[in-house]
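Visitor: Here you go, one structure.
Every number in this text was worked out from the coordinates using simple rules, so none of it is lab data. Here the structure is a predicted model, which means the values were calculated and not measured. Counting neighbours? That spans all protein chains shown, and the Cβs are built from the backbone with ideal geometry, glycine included.
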């Protein structure tokens, strides 16, 4: 996975090389700058003369200004590189999510997907902008500096050369051992936070049971227990970074002492010694920086694991016809629909439909009934192509549905889900989504038919009213009507509708028979039905149970058949008296 | 803000001081290491007769080297310890502040929103010590010491270094922040709308796909992504600029120290042996400014969180939560079989003119079973809140055993009831702890009996650790139905004479719902029952049904009486019977 993350750099190789190049160049200039410092101090201190130091001063200014500019450019190119990759990655990810489709999204945790797409990609950005360059530079900068130092003083170079691998070893130790501990630590912290969130969520339950006071003690006790366990883990976790620091500070001290000893012996010029001392902290700096970025690196890798896993997913492919058929680009309407031994099996679940065969003539409305989980929604999802059959085929005018251009097919279909989603925007925007060219008059007409127009007039901004967070400013009934209005406004001839289960609340206004009747006049309506009233409006009825087709036929046929549908109607008539 | 903060931090004054001192020492040791090393080199270059003369700086270099690492270790541990102590207290304080205001806050912001916001605030504030107080304090102290040290040799060098340090630590971060304010706001706004669009795309994907709006949405997402990229690119310049100025200013300090120092040495006003040290210290001094820009960023975030919490603390308390109410009657005076009476009860919420409850009467002798039905907003929940002393009533009275509830403490009143509602919460703790909220002193056999009655005993036995199983996202997850049954067991455990079931089957599918309601009615036994429901199922078993609409009781009587009335209730009943799932019980 890490490899994939690193491979992302390939999209922007120049920016990455620039980031690294600027960093290395900065360290070269640093060497010269410190060298000049060494010379000036030496001439003043040892020789007590200024000589041509003024020119050297100009050199120093030039050098550190250039280093500043290099740091600026490195920062900029790192950010640019990461931002560019982020853009590419997020575009890929959003496309993949759409390709995987609503059926897949529904099975996943939506909040988690949102976080991955939004935060996760940002974390990868940090990884690319900070961690990755830091990792490369923590090798290149010390090596560059060592090469230059070698020309000045072998002993110091050797000391630094020996301590650097020690640092790396401890880095790896930190990476392996303490990262896990730190991770557990962070998890514990977020656990504590979610515990707090949990008791705040359930506060009314506590109050109803008069348990507020005991809960206060619990918060205290949990906090104290957390402090104790945390400190004992931290004592260990910080130990490795302690050793890391120790190596670099002691390294500096040893370099200084050895320089001093050789200065006394006169084996070294003061200018050289000072140069080495000034460079020593810069030698250790990249390691310290890498250590600081470690957490960002971990987060980036974790996010990348999830993102690349999603990107590697294949949309559930329909069993493509053996001989690839040419795509059909024209479709006669109204059309007939035929299911031929169609099965669909959900992953990790026994639900779905098994070997369903039926044939619906053109311009015939259909009600699908059955207990919850029987497969009603699956049949509708297959028709809207959120799902593709795992076996069998669906024929539209005797043409396999999978060979019809998806957009062409969908342009004929008005879909009304069970929990219609309302998008951010005005009510008008929400209607126009099914028909971008609809005039205001057409919109009003659709709303009149859906019995929504009068409600619109009572709203402060009418059709321009903004939808608040997924429609919380509309009642359940109004949201449902808005979805029906979409079906009226949609230019397509077929309405595929999941009637809301009224069992949620008898008091909430439900879809009215009147509207189904109206829709039927101009369109072919196929719907999962939950009420006797609407079922009886359909030309044909399909009864499913546990994924199997039980009964299918016209109202008269089914009543004559004396099966489930017949029993259902009778039971109702009895109950209604 | 500062005043309240200092109260919150008061118990930790000494520890805070310790943490700041340790952090300052860490920085100062870092600087001292280089100062000593510089001095050591210079002194060695003078070729002293004996190495022994360099004994002190050699020890010093090692001491500061090891000391810095050790101090850093101690500082981190110590600061974390203070943070954990503070965190515990902070949570408790917030819990105590929010609790009594819960209903008000919920009404004002919506439960999810304010709970999330408060949790976020608490999370942000927990880093107050580590990320703000300690770094800023340490920076101030170590800067001061560096200044004192340098001024001992040259006031000019000390002054210039100090000025440049202030620039790096204060002026540049604030200047850039000011400069970056507009772009940051624009970026934030774009990110917000991108997030909304992304959320819409995921939640509304069925519609988007079905309406063929996929390309349109992807294009919108892409173009926003492009805008984000452009804004990022502009901000990259500012980020680079601040890095540039920090870099340059530290170098300028070193450069000036070199020029002035050299001048002093050449004019004999400074011993040459100190020159190296001064030059090095003026660069190393900037270690003190390292954590500052971050600290300011966090300070901004914390200020926001803190102000938000203060605004919440200013919300008025819920009824009965302000302080200990004047209790004139003891709990003992309420019998084990209380008789609750509501007479002419009216409730009007603040800022509303319409009555939420309008002259309600209810007689609930011990053992009576009453159902309350009505649509959302009919006043059912308000009635329950009044009974539980969660809200005030303006007119009428509620009495328990002829004692007016205004004379009873909320706890005494609530002890009469055991509530299961759609809002009942299953905590992310063990099964046992969840059940014991009903009765903390319940025995294991009590737990067993309650779970058996709630038909959840087999499920609990099947859990990995039985009653000790952790529930929730981190432990075993349970279905809606199972969760509600666990909460039912909790309700049963409570030895209260009156059950209140407030729409306990919200979100169930019809089959599950029927089983659950059957069990509920069976379990109620001889205790009193108030059953609020949106389903007209099994209501023939009730002694009385109250039909509410717009805060009033519009119909009341038994199931048969209400059907015979052919009114609102009968109409609803017919509507429900139309449902296919109700018609065929086998489904």
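Visitor: Give the peptides B:539-552, A:192-205 in descending order of average Cβ contacts within 10 Å, highest first.
Guide: A:192-205, B:539-552
Visitor: OK, next. Please find the FRET efficiency linking residue A:51 to residue B:269, where r is the Cβ-Cβ separation and R0 is fixed at 25 Å, and quote it to the nearest 0.05.
Guide: E(calc), rounded to 0.05, equals 0.80.
Visitor: If you look at just the Cα atoms of the stretch B:425-495, how large are its Rg and its Dmax in Å?
Guide: Rg then Dmax for the stretch B:425-495, in Å: 10.5, 31.
Visitor: By count of other Cβ within 10 Å, fewest leading, how are A:447, A:335, B:317 ordered?
Guide: Fewest to most other Cβ atoms nearby, the residues stand as B:317, A:335, A:447.
Visitor: Computed over the Cα atoms, what is the radius of gyration of the stretch A:154-267 divided by 2.2 N^0.38 Å, N being its residue count?
Guide: 1.84
Visitor: Diagonalise the Cα gyration tensor of the stretch A:337-576 and give the resulting equivalent ellipsoid semi-axes, square root of 5 times each eigenvalue, largest first, whole Å.
Guide: Largest first, the stretch A:337-576 gives 30, 22, 17 Å.
Visitor: If you don't mind, another one. Which value in Å is the Kirkwood Rh of the protein assembly as shown over different Cα pairs?
Guide: Taking every pair of different Cα atoms in the protein assembly as shown, averaging 1/r and inverting gives 35.2 Å.
Visitor: Using r as the Cβ-Cβ distance of residue A:454 and residue B:565, and R0 as 25 Å, what FRET efficiency do you calculate, to the nearest 0.05?
Guide: E(calc), rounded to 0.05, equals 0.25.
Visitor: Cut-off is 10 Å between beta-carbons; in what order do B:259, A:369, A:433 appear when sorted fewest neighbours first?
Guide: Going from sparsest to densest Cβ surroundings: B:259, A:433, A:369.
Visitor: What is the Rg over Rh value, at two decimals, for chain B, using alpha-carbon atoms and the Kirkwood definition of Rh?
Guide: 1.15
Visitor: If you average the sequence gap of Cα pairs under 8 Å that are 6 or more apart and divide by the length of the stretch A:337-576, what percent do you get for the contact order?
Guide: 26
Visitor: Helix A:13-45 versus the longest principal axis of chain A: what angle, 0 to 90°, nearest 10, using Cα atoms?
Guide: 20
Visitor: Same structure, new question: What spacing in nm lies between the two simple spin-label points modelled at residue A:267 and residue B:361, each 7 Å away from Cα in the Cβ direction?
Guide: 11.0
Visitor: If you take each beta carbon of peptide B:68-75 and count the beta carbons of other chains within 10 angstrom, what is the mean?
Guide: Per-residue shielding by partner chains comes out at 5.
Visitor: Quick one: order B:287, B:561, B:526 by neighbouring beta-carbon count within 10 Å, fewest to most.
Guide: Fewest to most other Cβ atoms nearby, the residues stand as B:526, B:561, B:287.
Visitor: If you average 1/r over all unlike Cα pairs in the stretch B:122-221 and invert the result, what Kirkwood radius do you get in angstrom?
Guide: It works out to 18.4 Å.
Visitor: Also: If you take each beta carbon of peptide A:262-271 and count the beta carbons of other chains within 10 angstrom, what is the mean?
Guide: Whole-number average of other-chain Cβ neighbours for A:262-271 is 4.
Visitor: For helix B:568-577, report the angle its Cα long axis makes with the longest principal axis of the Cα atoms of chain B; keep it between 0 and 90° and round to the nearest 10°.
Guide: 80
Visitor: Going by average Cβ density within 10 Å per residue, which order do the peptides B:386-395, A:353-362 take, highest to lowest?
Guide: B:386-395, A:353-362
Visitor: Grab the DSSP H runs of the protein assembly as shown that are 4 residues or longer, score each as -39,500 (n - 2.57), total them, divide by all residues and round the 222 nm result to the nearest 500 deg cm²/dmol.
Guide: Computed ellipticity for the protein assembly as shown at 222 nm equals -20000 deg cm²/dmol.
Visitor: Run a plain Debye calculation on the stretch A:328-480 (Cα atoms as equal point scatterers, no solvent) and give log10 I(q)/I(0) at q = 0.13, 0.21 Å⁻¹, rounded to two decimals, same order as the q list.
Guide: These q points yield log10 I(q)/I(0) values of -0.77, -1.26.
Visitor: Can I ask one more? Once both axes come from the Cα atoms, what is the angle between helix B:111-125 and the longest principal axis of chain B, in degrees from 0 to 90, rounded to 10?
Guide: 20
Visitor: Let me ask another. In Å and whole numbers, how far do the C-alpha atoms of chain A stretch along each principal axis, longest first?
Guide: Rounded to whole Å, the extents work out to 117, 66, 52 Å.
Visitor: Let me ask something additional. What area, in nm² and to one decimal, does the C-alpha convex hull of the stretch B:470-578 cast on average over all directions?
Guide: Quarter of the Cα hull surface area: 8.5 nm².
Visitor: Next question, about the same structure. Please average, across the residues of B:94-104, the number of beta carbons from any other chain that are within 10 Å of each residue's own beta carbon, and give a whole number.
Guide: 4
Visitor: Okay, moving on. Using the Cα atoms of the stretch B:2-313, I'd like the radius of gyration and the largest Cα-Cα distance, Dmax, both in angstrom.
Guide: Reported Rg and Dmax, both Å: 26.2, 92.
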